[in-house]
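Since the structure comes first, as structure tokens, the remarks are kept for the end.
The values are calculated or read from the model by the stated rules, or taken from the named source; none is laboratory data. These figures come from a predicted structure and were not determined experimentally. Methodologically, a virtual Cβ is constructed for each residue, glycine included, from the backbone with ideal geometry; neighbour enumeration extends over all protein chains shown.
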Number of protein chains: 2
Amino acid sequence: MARAWYLKSRPAGMPSLDNFELRSVELAPLTSGTIRVRNRWLSVDPYMRGRMNDVESYVPPFSLDAPLDGAAIGEVLESKAEGFAPGDLVSHRFGWRDEIVGPAHTFVKLGNSSVPPQTYLNTLGMIGATAYFGLLGVAAAKPGETLFVSAAAGAVGSAVVQIARLTGMTVIASAGGPEKCAYVKSLGADAVIDYKSEGDLQEKLAAVAKNGIDVYFDNVGGDHLDAALGVARQGARVAVCGMIDMYNGTEQVALRNLFRVISHRIRIEGFIVSDFSHRLDEFRAAMGRWVANEDVVGRETVMEGLESAPDAFLALFSGRNLGKMLVRLP
Amino acid sequence: MARAWYLKSRPAGMPSLDNFELRSVELAPLTSGTIRVRNRWLSVDPYMRGRMNDVESYVPPFSLDAPLDGAAIGEVLESKAEGFAPGDLVSHRFGWRDEIVGPAHTFVKLGNSSVPPQTYLNTLGMIGATAYFGLLGVAAAKPGETLFVSAAAGAVGSAVVQIARLTGMTVIASAGGPEKCAYVKSLGADAVIDYKSEGDLQEKLAAVAKNGIDVYFDNVGGDHLDAALGVARQGARVAVCGMIDMYNGTEQVALRNLFRVISHRIRIEGFIVSDFSHRLDEFRAAMGRWVANEDVVGRETVMEGLESAPDAFLALFSGRNLGKMLVRLP
């Protein structure tokens, strides 16, 4: 018997462990064209919170009658499909469980690579692509410009810091607490704001962004977005990647500086990484080189065992992760 | 002696008549290359409120030591400049006063035209260009799409309604009170929401925009922007032209629906009509034809006499205008 996490009930506001249930599941029989995969790495990501609501969005809501899903890396145990052999590592979407039998076409074989396989859940995967296309595509960031990025110690944020540095931008970042700030500084940020320290966020931002900012990469929303609008230069762009402070609440965002959208011709644009799937080759070439050269390094926070998956997910919302949050399975 | 309105003091919040002072001013001597002009029409516009604050913006703040300025149409009384003769009508920026002597190059002669001269302060001027470029440029509105426009009985809003209808869009508009709503309906809007009537604005908008909206032309900000975000379709664009409810306050805007920027890839973009000065020929050709054919009609609310200019300006913020607010001088 395999085991898989189900959503027992839809969270109202912040999720809790009570919303999740680990169940035994029957694996499908291994028929021709299918493979059996043992998961080694599971990804938990903030966007999954949105899928726990029963509302139409860019990805369908999680069903209460099926295991949760998400990105994962697994190892082939048995194969009745051409091109897959036991021991092969595969990338796929059947996360939140330990084993799966599925049609071979729903798995992508990882090539021989010098990088650890979980890198494909981080800088070489959706995380890296989100940072890359959000910064260079949506925000059209250019060398010489000044960037502000929030949640910069997180998976996407830390990739944004490094890509921006490689692009020749001045990088101002925010993170919560001294440890995270030191980490972001070590990635090459020119200035790091501890948003948990005393004082008004916009004043702290203005103090280090003396000439304002050209791009804000928003992972947070709320007061960070407002502070960014408050110091934005003429023609500034805001790429809205996430609003982690809104995923769990129904509260409203109060903005004091929204009128500056007019006076400073600011563009605010939301995006989803799949909007750029036609440009994945470009991403893989650029990021593959940076990762191989260790110009972009993806830090990981790892929790052990399938049992820890919901806690790993909840940890995203209390800031317990540095870099990418992953679950490792034996 | 001529007379001109000065800003006596900078308003905090909503301006009042006390902030203005009518003073006698000495006209400059009529030297070679200058003309003397008697103003016939003065424009008062919401953006002037921003210039009353002593802050850097896209236009410099009004000085307390010089007459207010703004768009105006006048008649040449005397000329020492080639190409200008008494009786010529000119468009210029020396509003808020009755007479002016200035260098000829700061005036533009109105050609022979079948339209009343004040049309150049309305549909054929900055108002029309703001509507045209905001809708077709910034928001990239397309035939078949659904538009929502706020303050649709105002100068810019009523032009937006008509241009959108000519473009083949479904037009949903909002205005305050039955008279204004009837006027907007007469312009060809498919549905008009009275935002002053009972009920939640977003619910009222959702009731008429059954399939959501593709474009929101924002003249208002606040709850209108939030309602628009709440019903915006995938890939919707918001052109932010004005936030009249923020010009006079320091209050914050509370948005419940901002997270939809991500899930629905919404673009919010502020603009200023002068961003499109390189495309003025295109505007003049298109709008000139529409105005000549009476496809776009610019309604006017006229106050009489230089003395009424501050009151005409204040009326913009209490919704006392239908269409373009103008001051007529004898």
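Results, tabulated for the structure shown:
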read-out	value
Positions within segment A:8-38 being touching an Asp or Glu at 6+ places or on another chain (Cβ under 8 Å) and aliphatic (A, V, I, L, M), in sequence order	A:Leu17, A:Leu22, A:Leu27, A:Leu30, A:Ile35, A:Val37
Which numbered condition B:Glu307 fails, given (1) within 14 Å of another protein chain (Cβ to nearest Cβ); (2) within 30 Å of B:Arg10 (Cβ to Cβ); (3) not hydrophobic (A, V, I, L, M, F, W, C)	(1)
Pair list, Cβ under 6 Å, 6 or more apart: segment A:236-247 residue closer than 9 Å to A:Phe217 by Cβ and at pLDDT 85 or above, other residue among the β-branched types (Val, Ile, Thr) and outside any helix (DSSP H, G or I)	A:Val238/A:Ile268
Residue identified as farther than 30 Å from B:Leu225 by Cβ and among the β-branched types (Val, Ile, Thr) among B:Val115, B:Val149, B:Val138	B:Val115
Cross-chain or 6+ apart pairs with Cβ under 6 Å, segment A:43-54 first and not assigned by TED's automatic domain parsing to the domain that holds A:Cys241, then assigned to a helix (DSSP H, G or I)	A:Ser43/A:Leu121; A:Val44/A:Ala312; A:Val44/A:Phe313; A:Pro46/A:Ile244; A:Arg49/A:Tyr247
Residue match in segment A:147-162 (condition: among the hydrophobic types (A, V, I, L, M, F, W, C) and free of Cβ contacts under 8 Å to residues at least 40 places away in the same chain)	yes
Residue, nearest to the other protein chains (Cβ to nearest Cβ), within segment B:252-293, restricted to residues that are over 24 Å from A:Ala227 (Cβ atoms) and of a type in the set (Asp, Glu)	B:Asp275
Residue ID - surrounded by the fewest Cβ atoms within 10 Å (Cβ to Cβ), chosen from residues in segment B:138-174 that are outside any helix (DSSP H, G or I), aliphatic (A, V, I, L, M) and over 16 Å from the mean Cα position of the chain (by Cα)	B:Ala140
Given (1) assigned by TED's automatic domain parsing to the domain that holds A:Asp194; (2) touching a residue at least 60 places away in the same chain (Cβ under 8 Å), number of the condition A:Gly323 does not satisfy	(1)
Out of B:Glu294, B:Glu307, B:Glu269, B:Glu300, sole residue that is among the charged types (D, E, K, R), over 21 Å from B:Asn219 (Cβ atoms) and touching a residue at least 24 places away in the same chain (Cβ under 8 Å)	B:Glu307
Scope segment A:175-186; condition within 15 Å of A:Asn219 (Cβ to Cβ) and either without any contact (Cβ under 8 Å) to a residue 60 or more places away in the chain or not in a helix (DSSP H, G or I) (or both); matching residues	A:Ala175, A:Gly176, A:Val184
Filter result (of a type in the set (Gly, Ala, Ser) and either on the phi < 0 side of the Ramachandran plot or at pLDDT below 95 (or both)) within segment B:286-328	B:Ala286, B:Gly288, B:Ala292, B:Gly298, B:Ser308, B:Ala309, B:Ala312, B:Ala315, B:Ser318, B:Gly319
Meets criteria (more than 14 Å from chain A (Cβ to nearest Cβ) and not β-branched (Val, Ile, Thr)) for B:Met243	no
Members of segment B:300-320 that are out of contact with any strand residue (DSSP E or B) (no Cβ under 7 Å at 6 or more places or on another chain) and either assigned by TED's automatic domain parsing to the domain that holds B:Ala152 or more than 23 Å from B:Pro116 (Cβ to Cβ) (or both)	B:Leu314, B:Phe317, B:Ser318, B:Gly319
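For every residue, the table says whether it meets (1) under 30 Å from B:Ile244 (Cβ atoms); (2) not acidic (Asp, Glu).
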site: A:Gly235; (1), (2): yes, yes
site: A:Gly242; (1), (2): no, yes
site: A:Gln252; (1), (2): yes, yes
site: A:Val261; (1), (2): yes, yes
site: A:Gly270; (1), (2): yes, yes
site: A:Ala292; (1), (2): no, yes
site: A:Asp295; (1), (2): no, no
site: A:Pro310; (1), (2): no, yes
site: A:Ser318; (1), (2): no, yes
